[in-house]
1. With Cβ to Cβ distances under 10 Å as the rule, what net charge do the other residues near ALA299 carry (K, R +1; D, E -1)?
2. At what distance in nm do the modelled label points of HIS91 and ASP106 sit from each other, each positioned 7 Å from its Cα along Cα→Cβ?
3. Ordering MET164, MET75 by accessible area with a probe of 1.4 Å, largest first, what comes out?
4. So which residue, out of ALA357, ALA403, ALA339, gets the largest mean-square fluctuation from a GNM of the chain using Cα contacts under 10 Å as springs?
5. Which value at 222 nm does the chain reach when only helices count, each DSSP H run of 4 or more adding -39,500 (n - 2.57), with the total divided by all residues and rounded to the nearest 500 deg cm²/dmol?
6. Compare ARG145, ARG87 by solvent-accessible area with a 1.4 Å probe and give them largest first, with all protein chains kept in place.
7. Could you list the chymotrypsin sites (Phe, Trp or Tyr not before Pro) in the range 309-375 that lie in coil according to DSSP, counting only those with at most 15 other Cβ atoms within 10 Å of their Cβ?
8. Residues of the range 206-245 with backbone nitrogen within less than 16 Å of a virtual label 7 Å along the Cα-to-Cβ line of GLU284, please, listed as ranges.
Amino acid sequence: MRVAVLGCGVVGTEVVRLLTTQSSDLAARVGAPLELVGIAVRDTSVERDAVVDRALLTDDAEGLVERADVVVEVMGGIEPARTLLLRAIEHGAAVVTANKALLAQDGPTLYAAADAAGVDLYFEAAVAGAIPIVRPVRESLVGDRVQRVLGIVNGTTNYVLDKMSTEGLDPDAAVKEAQALGYAEADPTADVEGYDAAAKAAILASLAFHTRVSIDDVDREGISGITADDVVWAERTGYAIKLLAIAERSDEGVQVRVHPALVPLTHPLAGVRGAYNAVFVEAEAAGELMFYGRGAGGAPTASAVLGDVVSVARHRVLGGKGPVESSYAALAVLPASAARTRYQVRIDVDDRPGVLATVAAVFATHGVSIEAMRQAPAPLGPDGVGFARLILTTHQASEEALAATVAAVAGLDAVRRVISVLRVEGA
């Protein structure tokens, strides 16, 4: 079985390493030897890891995919990855990709091409690194009805939030530490602003609900607005802050979002530390399932890639084909305003009688029910006058109702500022 690899960065190098060092075991599992016939790179003169045979390097990616049985794409980006994968499929090659951005933006084009050509398209490594989550959702749970997927799918943001919590680092310092350890890119925007997690959420939602969901359908908010003070108050009130990818089904359709959220310390996701990922799946028959492990890094991601390579290569040797796109349900994809969740609102108010009642009345007017209220001591304000800090936790409410409530509260004379508004998930 002729294997071509597109890209030779951190993940690509580890894929080559596994193909090379485990060749005999892989051949036994597939039923035929896996021959690495080429590695496409932009610049063949760049120094590489010693495991990479320089004789296999080529800048002719188009020619390479035309002579392979299995094409592994770990180059990332939309183009030229999309064109190369479509060319590979056209020439009858099975495709294994880790490209979540491409799948989230234009997955249906690839699915349709692979289905028409009768070849496999596998992408376990596109979501949560080494954690087997795509295959369980796409295959193991296909006889069940998934209701909700809740997960930490970006290791960089989880590392940053964890360091802010456990070591008191400010956000910038935590990001710099993540970059130094290789968890974050030189430009961490895709991670910190939630774009990476949104792409993964779109893929998981598409699989779980048999409905096409693109990254444009995902309501996205990153962690750049989270402060050290937010983290401290989360812990004081019994929560951990996590960047969550959430996809859920209702009678009206599917709603998918990515945002920071308060997770109760008693929930399994609250204990996910460092750069680890975890995905919590709720299904009608199976109940609650959690998948946990290393969500990033060259070796963990390469492990998922090789698992797919063995599967698609075995299909070619023995006959047969893996699952194709399942979008039969075609559920409506709902806007962010359709989401209903709980919230924690922190505000500073004048410390005088009647203020709490006034604030509570505004919540009631907008149909947002208060589940719990806590008043915490606060330092003197800039004017030397004392004020009170209120932490209000709501029952479930719509985004629209909560936004209107917060705007009205902010306009009260007795309210000095609205400090933060965070969703509460997993409670």
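The values are calculated or read from the model by the stated rules, or taken from the named source; none is laboratory data. None of the values given here were measured: they were computed from a predicted structure. Positions of Cβ are backbone-derived with ideal geometry, glycine not excepted, and every protein chain shown enters the neighbour counts. Just so you know, the surface numbers come from the protein's heavy atoms only, side chains and all, with ligands and any DNA or RNA stripped out. Shrake-Rupley method; radii C 1.70, N 1.55, O 1.52, S 1.80 Å.
1. Result for the neighbourhood of ALA299: +1.
2. A separation of 1.9 nm, rounded to one decimal place.
3. If we order MET164, MET75 from most to least accessible, we get MET75, MET164.
4. ALA357
5. Calculated at 222 nm, the ellipticity per residue is -10500 deg cm²/dmol.
6. Sorted descending by solvent-accessible area, the residues read ARG145, ARG87.
7. Of the chymotrypsin sites (Phe, Trp or Tyr not before Pro), the ones in loops of the range 309-375 whose Cβ has at most 15 other Cβ atoms within 10 Å are TYR328.
8. 208-211
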